[in-house]
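Peer 1: Structure incoming, see below.
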Ligand SMILES: [Zn+2]
């Protein structure tokens, strides 16, 4: 069943910090994929009107590290923006969902906040699930 969160829990929700470590991990992952991808498969220069080159030697890969860093960073920023956008979109949907604090009846944007059972409709973000 759903029960109301305590004030402490609501405050904890509000103060939740973005976990930046996952983006740092993602950045390192993309960097490694690019690094080894270039080492093993080389770079396709078709887009720059050049020839397909590679596989590269480690010396050549090392020379490309600044470029690999920049593209990894850009990809990580794109992923960050996309994830944040989807996250906000999901949270916005929750703004419209209300639950009765007594019978757990669900209502979308209720016009009155008192349920038939005498309970009160609370936004789902102020409630938590604790099992049966
Ligand atoms: Zn109710």
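Coordinate-derived values only; no laboratory data. What you are looking at is a predicted structure, and each value in this text was computed from that prediction instead of being measured. Because the Cβ atoms are built from the backbone with ideal geometry, glycine has one as well, and the counts that use them run over all protein chains shown.
Peer 1: Rounded to the nearest 500, what is the 222 nm mean residue ellipticity of the chain from helices alone, with -39500 (n - 2.57) per DSSP H run of 4+ residues and division by all residues?
Peer 2: -17500 deg cm²/dmol
Peer 1: Oh, and also: Between residue 88 and residue 40, what is the spin-label point distance in nm, taking each point 7 Å from the Cα along the Cα→C-beta axis?
Peer 2: Going from the residue 88 label point to the residue 40 one covers 3.7 nm.
Peer 1: Please tell me the relative contact order of the chain in percent, rounded to the nearest whole number, where contacts are Cα pairs under 8 Å and at least six residues apart.
Peer 2: Taking the mean separation of contacting Cα pairs over the length of the chain, I get 30 percent.
Peer 1: Follow-up question, since we're still on this one. For a paramagnetic label modelled at 7 Å from the Cα of residue 129 toward its Cβ, which residues of the range 91-123 fall within the zone defined by backbone nitrogen distances under 20 Å?
Peer 2: Within reach of a label on residue 129: 91-109, 121-123.
Peer 1: For Cα pairs less than 8 Å apart in space and 6+ apart in sequence, what is the mean separation divided by the residue count of the range 19-94, i.e. the relative contact order in percent?
Peer 2: Reported relative contact order: 31 percent.
Peer 1: Still on this structure, please answer the following. Rank by packing, highest mean first: peptides 64-70, 122-128, 88-94, with packing defined as the count of other Cβ atoms within 10 Å averaged across residues.
Peer 2: Top to bottom by mean Cβ count within 10 Å: 122-128, 64-70, 88-94.
Peer 1: Give me the log10 of I(q) over I(0) for the range 19-94 at q = 0.21, 0.23, 0.26 Å⁻¹, as the Debye formula computes it from C-alpha points; what are the numbers?
Peer 2: At q = 0.21, 0.23, 0.26 Å⁻¹ the computed log10 ratios are -0.93, -1.03, -1.16.
Peer 1: Still on this structure, I have one more. Given a Förster radius of 41 Å and the C-beta distance between residue 79 and residue 7 as r, what FRET efficiency does 1/(1 + (r/R0)^6) yield to the nearest 0.05?
Peer 2: So the FRET efficiency works out to roughly 0.75.
Peer 1: Something else: Can you give the Rg to Rh ratio for the chain, taking only C-alpha atoms and Rh from Kirkwood?
Peer 2: Rg/Rh for the chain comes to 1.30.
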